[in-house]
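Chemist: Right, I'll just put the structure down here and ask away after.
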Amino acid sequence: MWARLARLGQGARGRSRSWRLYLTALGPGLIAATAGNDVGGIATYASVGARYGYDLIWMMVVTAFALVAVQEQCARLGAVTGKGLSDLIREQFGPRWSVVAMTGFLIANGGVTVTEFVGIAAAADLFGVPRFLAVPAMAALVWWLIVYGDYRRVERLFLAFALVSLAYPISAVLGNPDWGEVLQHAVVPTVRMDAGYILLFVATVGTTISPYMQMYQQDAVVEKGVTAEDLRYARADVLAGCVFSILVAICIIVATAATIFASSPGGMGVEIATAEDAARALAPIAGPYASYLFGVGIFGASMLAAGVLPLATAASVCEAFGFERGVELTFSEAPI
């Protein structure tokens with residue numbers, strides 16, 4: 001895979017060559033970071049905007065630096081060692097800690113994967129599609145993609161799902177926010193000491209930087225064949241993915257803050273339980289298009305995470321216990 005990157009660069013010079021190399025490198029960083037904006041993340045960001053308006057946007061800016069640092073480190077580890085994160089855990093800490101880490105990883109990812117299909121069902125409901133048809137169909141698509149898809153096909157489809165997140169900036173614009181106020185809250189912290197604010201603060205950090213993002217990032221770098229010589233382009237991919245992910249998250253907050261929070265009695269905010277609730281609440285305030293776009297974003301985010309989660313989990317478990325793994329391998333070559 002990565003040899004193709006080198007071949008693309010041979011016939012070009014200067015800036016043209018750099019862009020070709022970067023576009024070929026694009027993938028792991030953008031997919032991993034955007035997968036963090038899954039249906040649970042969308043619900044959290046929507047809750048932040050609906051309950052506290054723009055008050056927590058500054059925290060997203062701060063979290064962006066931590067996200068870049070963590071994802072870049074995983075990309076660097078994968079490129080330099082040629083091994084996944086769980087492989088390194090086994091080598092450095094032994095099989096016992098590998099079992100502990102993988103047990104927690106399996107339990108957590110199993111629960112999160114279920115929520116992604118709940119998100120697919122919610123998106124189907126928003127568009128009047130029976131969830132009993134949508135969920136099995138999408139589950140079958142994810143299974144087929146992971147078992148029979150090659151790396152290029154999987155990566156391209158994941159990138160397509162990632163780009164569906166562009167629905168949220170459009171939803172934010174349809175909410176007609178005061179962009180000056182948004183910018184002010186992005187650079188001037190607003191801190192509250194009530195329990196709800198602190199809870200959403202912690203939840204937002206947790207959903208923005210999730211373990212499966214790091215596992216997928218490093219595994220994808222190894223799978224793609226990135227080496228230490230290619231770190232410049234891998235880092236650019238990570239930076240682009242993290243910036244895109246944070247901007248999308250901010251747009252989700254802005255969309256609900258400019259509509260649901262702004263229309264709440266006395267500006268006290270509204271409790272939002274799910275991403276579907278946020279999408280339905282947008283309709284009477286910002287119009288049906290904002291609600292539909294929010295629903296499209298929920299579907300794309302759920303599908304992306306529903307693919308990334310089992311892929312990252314399977315690869316990590318196989319690495320930890322020495323089984324063959326890889327998207328390019330057939331089912332008979334990597335049965336576990």
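Every number in this text was worked out from the coordinates using simple rules, so none of it is lab data. These numbers come from a predicted model, not from an experiment. When we count neighbours, we look across all protein chains shown, and the Cβ atoms used for this are built from the backbone with ideal geometry, even at glycine.
Chemist: With θ set to phi - 60° and the Karplus curve 6.51 cos²θ - 1.76 cosθ + 1.60, what are the ³J(HN,Hα) couplings of segment 283-297 in order, to the nearest whole Hz, using x for Gly and Pro?
Modeler: Ordered by residue, 3J(HN,Hα) equals 4, x, 9, 9, x, x, 5, 4, 5, 5, 4, 4, x, 4, x Hz.
Chemist: By how many nm would the segment from V61 to W144 lengthen if fully extended, with 0.36 nm per residue of separation less the alpha-carbon distance?
Modeler: Going from the current span to full extension adds 26.1 nm.
Chemist: Given labels modelled 7 Å from the Cα in the Cβ direction, how far is it in nm from L159 to A186?
Modeler: 2.6 nm
Chemist: Next up: For every helix of n ≥ 4 consecutive DSSP H residues, a contribution of -39,500 (n - 2.57) applies; sum these over the chain, divide by its total residues, and give [θ] at 222 nm rounded to the nearest 500 deg cm²/dmol.
Modeler: Per the formula, -26000 deg cm²/dmol.
Chemist: Something else about it: I need to check one value: relative contact order of segment 178-336, counting alpha carbon pairs closer than 8 Å and at least 6 residues apart, in percent.
Modeler: 21 percent
Chemist: May I pose another question? Between A314, P284, V154, whose Cα lies farthest towards the positive end of the dipole of the chain when Lys and Arg beta carbons carry +1 and Asp and Glu beta carbons carry -1, centred on the Cα centre?
Modeler: Toward the positive end, the furthest listed residue is V154.
Chemist: Quick one: Karplus J couplings for segment 260-266, per residue in order, coefficients 6.51, -1.76, 1.60, θ = phi - 60°, nearest Hz, x for Gly and Pro?
Modeler: 5, 5, 5, 9, 6, x, x
Chemist: Report Rg/Rh for segment 181-311, rounded to two decimals, where Rg is the Cα radius of gyration and Rh the Kirkwood radius.
Modeler: Value, to two decimals: 1.03.
Chemist: Related question: How high is the FRET efficiency from Q92 to V243, r the C-beta distance, R0 35 Å, rounded to 0.05?
Modeler: Working from the Cβ atoms, E equals 0.70.
Chemist: Here is a follow-up. Across the Cα atoms of the chain, what radius of gyration and what greatest pairwise Cα-Cα distance (Dmax) are found, in Å?
Modeler: 20.2, 63
Chemist: Using the Cα centre as the reference, give the magnitude of the dipole from point charges on the C-beta atoms of the chain (Lys, Arg: +1; Asp, Glu: -1; all else neutral), rounded to the nearest 20 debye.
Modeler: Charge dipole of the chain: 900 debye, to the nearest 20.
Chemist: In addition: Using per-residue counts of other Cβ atoms within 10 Å, averaged over each peptide, order 293-304, 184-195 from highest down.
Modeler: Highest to lowest by the protection proxy: 293-304, 184-195.
Chemist: Check each of the chymotrypsin sites (Phe, Trp or Tyr not before Pro) in segment 111-211 and keep only those in coil by DSSP with at most 11 other C-beta atoms within 10 angstrom; list them in order.
Modeler: F127
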